[in-house]
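The values are calculated or read from the model by the stated rules, or taken from the named source; none is laboratory data. Because the structure is a prediction, the values reported are computed rather than measured. With ideal geometry, Cβ positions are generated from the backbone for all residues, glycine too; neighbour counts draw on all protein chains shown.
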Amino acid sequence: MKLRTVGSIGTLGLIAALGLSACGSDNPTAAPDSESPSGNSTQQSTAAALEGTIQASGASAQEAAMVAWAAGYAELQPGVTVNYDSIGSGGGRKNLLDGATVLAGSDSYLKPEEIEASYEICGEGGAINLPVYISPIAVPFNLEGIDELNLSPDTLARIFLREITSWDDAAIAGDNPGVELPATPITAVNRADESGTTQNFTEYLAAAAPDVWTFETSNAWPVDGGEAAPQTSGVISVVQSTDGAIGYADASAIGQLSTARIGVGDEFVAYSPEAAAKVVDASERADTGVEGDLAIELARDTTESGAYPIVLISYQIICTAYDDANTVDLIKDFVSYVASEEGQAAAADAAGSAPISDTLREDILSSLELITVK
């Protein structure tokens, strides 16, 4: 049975249970050199046997990775169930700040007003952003007869502004010399819901095409009109079914769709985990003023050769204080697994993400040491 993505809390809880039954092990802290059913070595959990449930919700871009993390963690801690509802980044952050969940998945880090709100539910240390998932945001398109496409930042921005409305427009032709482009109308598809993917995509457009894209960065799509669809799966569905469509989505969801190469300096660069990692390595930490926070300001306007600049960093946002010691232990142990080499490899296999660096992993583990009981 091949498990792919989930759309509800109940489904992921079931997947975690299936992962447990498949492993058939009574040892929740298998030795590092033992073999899992898939043939991969399993990593020893940092905690004794734990029991309980981790209720989480948030970014749909993290969905495939969360399935893999829940299944892998179930082999280490079979007494723990991880439930994840992929309702979108905005919904995940709201649930955490409302106290409905203990962990949020988000493709954008907390805004200043959200950090302020977090003190009420998370204690005086507030909530912290831990970057655990790095992935390109691909630009999928569906254009009969065209499998490869180059798009410069300005051209891409004008397409999503709905200023360029036909695929044979001179600007697109200029990016693709020698290619016979059809006069098919362009259907630019954006997210209908608040989305960290939208925030990352519009942040890129504002940085790389500032003379064209003059909107402020936002979780909500800022351009009126056009085609909109909820969540990553909705965007992909519309692009797949519409000749002339183009969208933006986490690369893990692209499937067989063609994707555009993006202009970087004098090159056009295709997305890949390696190209995405180059941008992250060239970026600096954001100054949120919160101890242990690891939010990153991406260098969207990079001209480094081979770098793919439309990158999504998805965070697991957690409180620095919880009501009881068991929840603290669950959060520390699960997020430690997610950040581990094994956890990152599981996400890479499931979603094509780029593993975090050893330095970032150590920083995440240091931040987890701050988590306490209220």
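If you check residue 107 against the conditions, is it of a type in the set (Asp, Glu) and within 20 Å of residue 316 (Cβ to Cβ)? It is true that residue 107 is of a type in the set (Asp, Glu) and within 20 Å of residue 316 (Cβ to Cβ). Looking only at residues of segment 346-374 that are outside any loop (DSSP other than H, G, I, E, B) and touching a Pro at 6+ places or on another chain (Cβ under 7 Å), we find that the one that is surrounded by the most Cβ atoms within 10 Å (Cβ to Cβ) is 354. Just to be sure, is residue 237 in contact (Cβ under 8 Å) with a residue 40 or more places away in the chain and not in a strand (DSSP E or B)? No: the conditions fail for residue 237.
Please indicate, with yes or no, whether at least one residue in segment 192-210 is buried (at least 18 other Cβ atoms within 10 Å of the Cβ), among the charged types (D, E, K, R) and in contact with a strand residue (DSSP E or B) (Cβ under 8 Å, 6 or more places away or on another chain).
Scanning segment 192-210 turns up no residue that is buried (at least 18 other Cβ atoms within 10 Å of the Cβ), among the charged types (D, E, K, R) and in contact with a strand residue (DSSP E or B) (Cβ under 8 Å, 6 or more places away or on another chain).
For residue 142, the conditions (1) crowded, with 18+ Cβ neighbours inside 10 Å; (2) of a type outside the set (Gly, Ala, Ser); (3) under 30 Å from residue 317 (Cβ atoms) all hold with the exception of (3).
For residues in segment 98-129 being among the hydrophobic types (A, V, I, L, M, F, W, C) and within 19 Å of residue 87 (Cα to Cα), which is nearest to the chain's Cα centre (by Cα)? Residue satisfying both the conditions and the ranking: 104.
Is it true that residue 118 is small (Gly, Ala, Ser), part of a loop (DSSP other than H, G, I, E, B) and over 22 Å from residue 71 (Cβ atoms)? For residue 118, the condition - small (Gly, Ala, Ser), part of a loop (DSSP other than H, G, I, E, B) and over 22 Å from residue 71 (Cβ atoms) - is not met. When segment 70-101 is limited to residues that are assigned to a helix (DSSP H, G or I) and in contact with a strand residue (DSSP E or B) (Cβ under 7 Å, 6 or more places away or on another chain), the one that is farthest from residue 193 (Cα to Cα) turns out to be 73.
Here residue 293 fits the description: acidic (Asp, Glu), more than 15 Å from residue 65 (Cβ to Cβ) and part of a loop (DSSP other than H, G, I, E, B). Is at least one residue of segment 256-263 polar (S, T, N, Q), crowded, with 18+ Cβ neighbours inside 10 Å and part of a helix (DSSP H, G or I)? No; the residues of segment 256-263 include none that is polar (S, T, N, Q), crowded, with 18+ Cβ neighbours inside 10 Å and part of a helix (DSSP H, G or I).
Filtering segment 270-328 to residues that are of a type in the set (Ser, Thr, Tyr), in contact with a helix residue (DSSP H, G or I) (Cβ under 8 Å, 6 or more places away or on another chain) and more than 19 Å from residue 119 (Cβ to Cβ) leaves 271, 302, 308, 314. Using the structure shown, decide if residue 263 is in contact with a helix residue (DSSP H, G or I) (Cβ under 7 Å, 6 or more places away or on another chain), of a type outside the set (S, T, N, Q), in the same structural domain as residue 205 (by TED's automatic domain parsing) and more than 24 Å from residue 192 (Cα to Cα). When the stated conditions are applied, residue 263 passes them.
Is it true that residue 154 is in the same structural domain as residue 259 (by TED's automatic domain parsing), crowded, with 17+ Cβ neighbours inside 10 Å and touching a helix residue (DSSP H, G or I) at 6+ places or on another chain (Cβ under 6 Å)? No, not satisfied.
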